[in-house]
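No lab work stands behind these numbers, since they all come straight from the coordinates. Predicted model only: the values in this text are computed from it and were never measured. All Cβ positions, glycine included, derive from the backbone under ideal geometry; neighbour counts span all protein chains shown.
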Amino acid sequence: MKTVFFDVDTQLDFLFPAGALYVPGAELIAPALAALTRFAREHSIPIVSTLDTHREDDPEFRQWKPHCVRGTQGWQKYAPTLGGQTLFEKNRIDFFEDEKLARLLDAFEAKRFVVYGLVTEYCVRSAIFGLLKRGARVELVTDAIKSLDRTKEREVLAKFAAAGGKLVETSNLLTA
Ligand SMILES: [Zn+2]
């Protein structure tokens, strides 16, 4: 089954305590992110990575602390998640309704997407439901995501599973 890994916003501003919009505990998923990236590279699985990308005066900053301003250090991807992937810059939480992204994904002709990254109840949510709508098999790697709000995360996971999504763990994928 043609598989694509879909890596959401694994950028320094979200992942690490010094980041501008640090997601508490996100650094704990760093080893899983690195392992997934390594596995994809070793098995020639394409990776699509979204990059949260804002201008300094982005309207989103009325609601959220400034983060992921293009060109800043915090905007950079966590280095172990880099390597030959397709990068997709976006500046909205509900980014999936983007024609450019749809065309990009069409070109892969994937039947299965494996999703991980940040933040579960925002951009990961947009990705998993957007991918399900495409009719693909979608697997969410539950130990390679992080939320700001555990209750909201549980709701997203339950809704995703009810809609036909699969919840998996890094170890399941790496032994497959
Ligand atoms: Zn943002």
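Within the range 109-176, the GluC sites (Glu not before Pro) that combine a DSSP coil assignment with at most 14 other C-beta atoms in a 10 angstrom radius are Glu109, Glu169. Within the chain, the longest run free of exposed loop sites, counting trypsin sites (Lys or Arg not before Pro) that sit outside DSSP helix and strand states (H, G, I, E, B) and have at most 16 other Cβ atoms within 10 Å, spans 3-54. Qualifying GluC sites (Glu not before Pro) in the range 1-96, where qualification requires a DSSP coil assignment and no more than 14 other C-beta atoms within 10 Å, comprise Glu56. Restricting to DSSP H runs of at least four residues, report the calculated mean residue ellipticity at 222 nm for the chain, -39500 (n - 2.57) per run over all residues, nearest 500 deg cm²/dmol. Taken over the chain, the calculation gives -9000 deg cm²/dmol. Other residues with beta-carbon under 11 Å from the beta-carbon of Ala102 carry, at +1 per Lys or Arg and -1 per Asp or Glu, a net charge of 0.
Considering only beta bridges that DSSP places wholly inside the chain, some 5 percent are antiparallel. The lysines within cross-link reach of Lys166, meaning a Cα-to-Cα straight distance under 16 Å and a gap of 8 or more places when in the same chain, are Lys111, Lys133. For the chain, the calculated P(r) over all alpha carbon pairs, in 5 Å bins from 0 to the bin holding the longest distance, is 1, 9, 19, 23, 22, 16, 8, 2, 0 percent.
Other residues lying with their Cβ under 15 Å from the Cβ of Val114 contribute a combined charge of +3, Lys and Arg counting +1, Asp and Glu -1. Against the chain, whose longest principal axis comes from its Cα atoms, helix 150-162 is set at around 30 degrees.
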